[in-house]
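**Student:** Before anything else, here's the structure in question.
The values are calculated or read from the model by the stated rules, or taken from the named source; none is laboratory data. Bear in mind that the values here come from a model prediction, so they are computed numbers and not experimental data. With ideal geometry, Cβ positions are generated from the backbone for all residues, glycine too; neighbour counts draw on all protein chains shown. Only protein heavy atoms, including side chains, enter the accessible area calculation; ligands, DNA and RNA are left aside. Shrake-Rupley method; radii C 1.70, N 1.55, O 1.52, S 1.80 Å.
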Amino acid sequence: MKLLNLPLRPSTIAIFARRGFITTEDVLASKTSGGIANLAAELGCTMSEAANLTAEVDSARKSTGSSNDNNGENASHVTAASLLLSVQRNNATAGGKRNIVTFCKAIDMLLGGGFARAEVTEVAGVPGVGKTQISMQLCVDARLPKEYGGIEGEAVYIDSEGSFSPERCFKMAQALVDHVHKSTAKRQSEASLGASDRTPSTSPDWFTANNILEGIHVFRVHDESAQTATIRYLSDFLRHRQNLGKPIKVVIIDSIAFHYRSAAPNTDYKARTRSLAVIASLLSEIASTLDVAVVVINQMTTKVGGRQMDDTRLVPALGESWAHATTTRLILSQSPTNPDSRTCTLVKSPHKPIGTAAYAVTEYGIRDVVVSERNALETSYSSSDQNRATLDSSKRARSRY
């Protein structure tokens with residue numbers, strides 16, 4: 001039976017297709033001739049990954065009631081209920097999939113707990129709204145120990161603009177370490193007074209600002225070719241770190257559009273579009289197969305059109321084709337009423353409704369907006385009900401971090 005006729009993930013089909021596996025018989029023949037080790041060698045992956053891929057193929061084949069003698073002339077299907085059950089089982093086996101928090105409660109709630117793994121999330125905005133700040137914050141927060149709600153992974157930062165700041169990243173890391181130490185002291189105090197039944201945990205010995213930065217791998221790319229080559233190399237690098245017991249949990253590309261927009265006037269735009277499509281496919285495959293959060297920073301451009309020729313508006317760069325390649329899209333903007341506040345707008349998501357969240361870029365990193373009583377009162381008379389709800393939510397969240 002053809003693999004294309006099974007309800008497999010596109011990334012799984014792509015992995016098999018690149019190595020010449022077209023049918024389930026091809027997969028079975030490779031596994032029969034030399035076991036999982038032979039299949040892993042032919043696919044160019046680890047044995048555990050090969051085992052997961054074959055298990056996915058077997059599960060998909062059984063769910064459709066298909067056998068190996070099926071010619072695959074009729075497209076197979078699987079019910080939404082069985083897909084949901086499969087996801088729930090995978091999450092239960094993994095102990096619940098944790099997202100990567102931003103330390104801004106409003107943004108984390110907007111996204112349903114933070115930036116999701118196994119997905120490509122686009123963050124777009126004009127200069128100065130904090131795109132790079134959020135990127136560095138995610139890299140730092142990916143190092144948060146599991147005992148404190150983190151995922152305890154490493155990060156990759158692909159820097160195309162030269163905007164990565166190790167000094168700023170160190171300040172964010174030190175703020176995170178201080179927060180964890182204060183949380184530990186509070187838990188221990190509550191436990192000693194009998195005010196809490198929770199066993200107090202201690203932060204790992206490795207959890208220092210310097211060690212946090214040791215787990216952030218920065219790739220500086222100076223042109224489109226270097227950026228493309230680095231993205232193609234990512235899968236091997238991520239698997240290498242995983243084999244060392246230091247898995248990468250977030251990949252940042254800051255920014256995806258920089259080298260494309262600075263191309264020479266005689267650039268072959270059709271070839272550039274094809275290159276961008278290949279990159280989008282690679283990033284989607286990396287996110288889904290290696291269970292990492294891929295966060296792509298994008299710039300804004302002016303779109304001219306509408307009922308009148310002088311109608312213009314700001315939209316994310318790289319066009320509509322790129323917009324369809326991402327799972328989630330966030331647009332950052334400056335708050336019109338508060339110079340210290342910025343707005344994160346969720347405009348595309350398969351999981352959560354469209355909404356907004358207020359955030360601030362502080363000395364310690366990305367945090368919730370703290371609104372004074374006077375400013376909240378003044379703003380309430382001039383803003384919509386939705387803006388008032390956002391301000392109230394931000395005010396209630398000021399004690400989280």
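**Student:** Rounded to the nearest 10 Å², what accessible area does LYS62 show when all protein chains are kept and the probe is 1.4 Å?
**Tutor:** Accessible area of LYS62: about 150 Å².
**Student:** Divide, for segment 302-363, the radius of gyration over alpha carbons by 2.2 N^0.38 Å, where N is the residue count.
**Tutor:** In units of the globular-protein estimate, segment 302-363 measures up at 1.36.
**Student:** Then there's this: DSSP loop (so not H, G, I, E, B), at most 10 other Cβ within 10 Å: list which trypsin sites (Lys or Arg not before Pro) in segment 271-307 pass both filters.
**Tutor:** ARG307
**Student:** Only loop residues by DSSP count here, and only those with at most 13 other Cβ atoms within 10 Å; note down the chymotrypsin sites (Phe, Trp or Tyr not before Pro) in segment 199-255 that meet that.
**Tutor:** Hits after loop and neighbour filter: TRP206.
**Student:** Which residue, chosen from PRO145, THR184, LEU110, occupies the Cα position most advanced towards the positive end of the dipole of segment 107-203, where the dipole is computed from +1 (Lys, Arg) and -1 (Asp, Glu) charges on Cβ about the Cα centre?
**Tutor:** Towards the positive end, the residue furthest out is THR184.
**Student:** Next question, about the same structure. Looking at segment 204-340, what % of the alpha carbon pairs are farther apart than 28 Å?
**Tutor:** 32
**Student:** Please sort 254-260, 42-48, 23-29, 157-163 by packing, taking for each peptide the average over its residues of neighbouring beta carbons within 10 angstrom, highest first.
**Tutor:** Put in order of decreasing packing, that is 254-260, 157-163, 23-29, 42-48.
**Student:** In nm, what is the difference between 0.36 nm times the number of residues separating ARG274 and THR184 and their Cα-Cα distance?
**Tutor:** 27.3 nm
**Student:** Counting only protein heavy atoms and using a 1.4 Å probe, what share of the accessible area of segment 212-274 belongs to carbon plus sulfur, as a whole percent?
**Tutor:** The computed percentage sits at 49.
**Student:** Which order do VAL304, VAL126 take when ranked by solvent-accessible area (1.4 Å probe, heavy atoms of all protein chains), largest first?
**Tutor:** VAL304, VAL126
**Student:** Using 5 Å bins from zero, what percent of all Cα-Cα pairs in segment 152-266 falls into each bin?
**Tutor:** Spelled out per bin, shortest first, that is 2, 10, 16, 16, 14, 13, 10, 7, 5, 4, 2, 1, 1, 0, 0.
**Student:** Leaving out ligands, DNA and RNA, what percent of the accessible area of segment 283-341 is carbon and sulfur, probe 1.4 Å?
**Tutor:** Of the solvent-accessible surface of segment 283-341, carbon and sulfur hold 49 percent.
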